[in-house]
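Take a look at the structure set out below.
Every read-out reported here was derived from the displayed coordinates using simple, explicitly stated rules and does not represent laboratory data. Here the structure is a predicted model, which means the values were calculated and not measured. For neighbour counting, all protein chains shown are included, and Cβ atoms are generated from backbone atoms with ideal geometry for every residue, glycine included.
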Amino acid sequence: MEYTDGGLRFLVHQTLFYVWSNPDDKDYTNVHIEVTAKNNSSDPNAAFGIICNQGVIDTNLYYFAITSSGEYAIAKGSVALEDVFLTNNDQWGKSDLIAKNAASYRIGADCGNGTLTLYVDGQKIDSVQDSSYSSDLVALFAWSDEVENGTDVTFDDFAITRLPSP
């Protein structure tokens, strides 16, 4: 990871690996997170997105992932357990609202009040209920599939705002 060309660039060299970066060490509760992801990946299954409610143990978290092939997932990670996709019966989902092979995507995530919602380019993609984690760190991530050196994503225009109270 490095800052280059006005953004935070994630290059993942290993296959089946992910990297993340936290903007700070603040505890966030009931937030909307947005970021622009510029995708330069050669791997069509490279995934990237937003993490919220990341606990002290890094694997306790929620993440919102998309791919340039139009797939997405809202998932939950828990220490010593395999990640669970909370959407699409624990499988990657497809959405026609996610443009295929776009140069960039505006990804949004609501994390709060027991609801997790994924947005791409201003369109709501999916939403689930889960209140296992209610606050903690936020992050951005990139995740490689089976193409060595195939994941290359630059994040820019990162913003966090508070969600309205229920």
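Report the charge-dipole magnitude of region 20-162 in Debye, nearest 20, computed about the Cα centre from +1 at each Lys and Arg Cβ and -1 at each Asp and Glu Cβ. Each step should come with its number before you reach the end.
Numbers: 8 positive and 22 negative charges, 88 e Å.
Rounded to the nearest 20 debye, it is 420 debye.
For region 20-162, averaging the sequence separation of C-alpha pairs within contact (under 8 Å, six or more residues apart) and dividing by the residue count gives a relative contact order of 38 percent.
Round to a whole angstrom and tell me the spacing of the C-alpha centers of region 144-166 and region 1-43. When both Cα centres are located, 5 Å separates them. Exposure here means at most 11 other Cβ atoms within 10 Å; with GluC sites (Glu not before Pro) in a DSSP loop as sites, the longest stretch of the chain lacking them is 1-81. Annotation for Ser131 and Lys26: the two label points, set 7 Å from Cα along the Cα-Cβ direction, are 2.5 nm apart. Applying 0.36 nm per residue to the separation of Glu148 and Asp90 and subtracting their alpha-carbon distance, the gain on full extension is 18.3 nm.
Principal axis extents of the Cα atoms in region 103-166, from largest to smallest and rounded to whole angstrom, are 43, 24, 21. Name all residues of region 31-50 having a backbone nitrogen under 19 Å from the label point set 7 Å from the Cα of Ser165 along its Cα→Cβ direction, giving them as ranges. It comes to 31-32, nothing else.
Computed over region 1-58, the alpha-carbon pair-distance distribution with 10 angstrom bins reads 16, 49, 31, 4, each value a whole percent. As a calculated quantity, the FRET efficiency between Ser78 and Thr36 at R0 = 30 Å, using C-beta atoms, amounts to about 0.55. Could you list the trypsin sites (Lys or Arg not before Pro) in region 1-40 that lie in coil according to DSSP, counting only those with at most 16 other Cβ atoms within 10 Å of their Cβ? Qualifying residues, ordered by number: Lys26.
Under the simplified labelling scheme, the Ala99-Phe158 pair shows an inter-label distance of 2.4 nm, with each label point 7 Å from Cα along Cα→Cβ.
The value given for region 34-166 is a Kirkwood hydrodynamic radius of 14.9 Å, derived from the mean inverse Cα-Cα separation.
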